[in-house]
Amino acid sequence: LEAFKKHNDPPSIPDIPHLDGLVRITEAGKRTLWITFVVMAVASLIFLLMSFRQPAKARIFHHVTFFITATAAVSYYCMASGMGNAIIKAPGNHAFREVYYARYLDWLITTPLLLLDCCLLAGVPAAEIVLIILADIGMILTGLLAGVDDGRTTRWGLFTISCLFFLYVLWGLLFSARNTAFGKSDRVGKLYLGIAVYTAVLWIAYPVVWAFAEGTNSITGDTEVLAYAILDIAAKAVFGGWLLLAHENVEETKIQLPNSWVTAPNSG
Ligand code: RET
């Protein structure tokens, strides 16, 4: 038993900072993570309060959007506390990088919810929403595997597969859903187009940051944390505020759930 335990003992923690060529975040990066946590938590609270301005049946966008920033808040809380990262072999001799895989768990939940928000706004049929979200899940899972991969060729192979899934998502957002939105009315189309282009531009920046950070290990951990934090705040908190305010003013985008979804049968 002793031999087994010894064999499975993790490397002692103090050894890790002394690893040659290790890129990891410093106090500055930690501070960015904590600030982003606060921004996401405050945004969640605002979205929750905004939901009370609508009747219970018409809060679906508020609830989806609340879950997006709330999930990000939990994820940033964990990352700021030093959880959800791993030391991965990086390209180059004696190069290692601290990779925050917790982000991918966040994205696994939040990117489908962001797409759901966009698709509900445009009025995309349920079967197509499922396909777009499945492609998105494929994108994040292959991205996660690429991020924690210490091989050379598989990392970029997985990155390419992830990008192919991403192309499908972009096509759904920018062409298919756009046509559906303009089919509903010109106002819905214009509102949707603004939000979809904003989303597409921000999302394209993620694989670019990835290529410099996890991909080639050419920016510092702090720069990576800052870049993803700015993107996350824009893609979740700013996106959410814009979506909620705008849809309240465009009657055709309001979704009323059936009564049976929001009241118990015997509650009157
Ligand atoms: C990865 C790396 C592999 C290739 C591609 C990626 C795309 C990631 C995207 C993330 C979007 C995240 C959002 C988060 C929350 O706001 C996984 C970086 C294509 C598009 C919007």
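The values are calculated or read from the model by the stated rules, or taken from the named source; none is laboratory data. Fair warning: this is a prediction, and the values are worked out from it, not measured in the lab. We place every Cβ from the backbone using ideal geometry, glycine too, and count neighbours over all the protein chains shown. In case anyone asks, the SASA skips ligands and DNA or RNA and just uses the protein heavy atoms, side chains included. Shrake-Rupley method; radii C 1.70, N 1.55, O 1.52, S 1.80 Å.
Structure values in brief
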| read-out | value |
| --- | --- |
| For Val23, residues with placed amide H under 5 Å, excluding near neighbours | Phe96, Arg97, Glu98 |
| Nearest-ten-degree value, helix 221-232 long axis tilted from longest Cα axis of the chain | 10 degrees |
| Principal-axis tilt of helix 60-80 within the chain, Cα atoms, nearest 10 degrees | 10 degrees |
| Per residue, in Å², the accessible surface of the chain once ligands and nucleic acids are set aside, probe 1.4 Å | 50 Å² |
| Cα gyration tensor category, rounded, prolate or oblate, for the chain with a/c compared to 1.5 | prolate |
| Cα gyration tensor, region 60-182 - rounded (a/c under 1.5), prolate or oblate | oblate |
| Between helix 102-122 and the chain: long-axis angle, C-alpha atoms, 0 to 90°, nearest 10 | 20 degrees |
| Approximate shape of region 176-218 as ellipsoid semi-axes (Cα gyration tensor, √5λ), whole Å, largest first | 33, 8, 4 |
| Table column - 3J(HN,Hα) (Hz), region 177-186, Karplus curve with 6.51, -1.76, 1.60, x for Gly and Pro | 5, 5, 4, 4, 5, 5, x, 6, 5, 5 |
| Size of charge dipole - the chain - debye, nearest 20, with Cβ of Lys, Arg +1 and Asp, Glu -1, no other charges | 480 debye |
| Inter-part distance where region 120-137 and region 152-214 are each reduced to a Cα centre, Å | 13 Å |
| At 1.567 mPa s and 4 °C, Stokes D of region 87-146 from Kirkwood alpha-carbon radius, µm² per second | 98 µm²/s |
| Fraction of accessible area attributable to carbon and sulfur, the chain (%, probe 1.4 Å) | 71 percent |
| Shape box of region 155-229 [Cα atoms, principal axes, largest first, Å] | 46, 26, 10 |
| Sorted peptide list for 66-72, 147-153, criterion being average Cβ within 10 angstrom, highest first | 66-72, 147-153 |
| Rounded accessible area of Arg24 (nearest 10 Å², 1.4 Å probe) | 90 Å² |
| Order by protection proxy (mean Cβ within 10 Å, highest first), peptides 173-180, 89-96 | 173-180, 89-96 |
| Mean residue ellipticity (222 nm) of the chain, computed from DSSP H runs ≥ 4 via -39,500 (n - 2.57), nearest 500 | -21500 deg cm²/dmol |
| Size of electric dipole in region 106-210: Cβ of Lys, Arg +1 and of Asp, Glu -1, about Cα centre, debye, nearest 20 | 300 debye |
| Farthest positive-ward along the chain dipole, Cα basis, beta-carbon charges - from Trp210, Ala177, Ala146 | Ala177 |
| Local net charge near Asp186, Cβ-Cβ under 15 Å (Lys/Arg +1, Asp/Glu -1) | +2 |
| Translational diffusion coefficient (Stokes-Einstein; Kirkwood radius from C-alpha pairs) of region 109-268 at 37 °C, 0.692 mPa s, in µm²/s | 190 µm²/s |
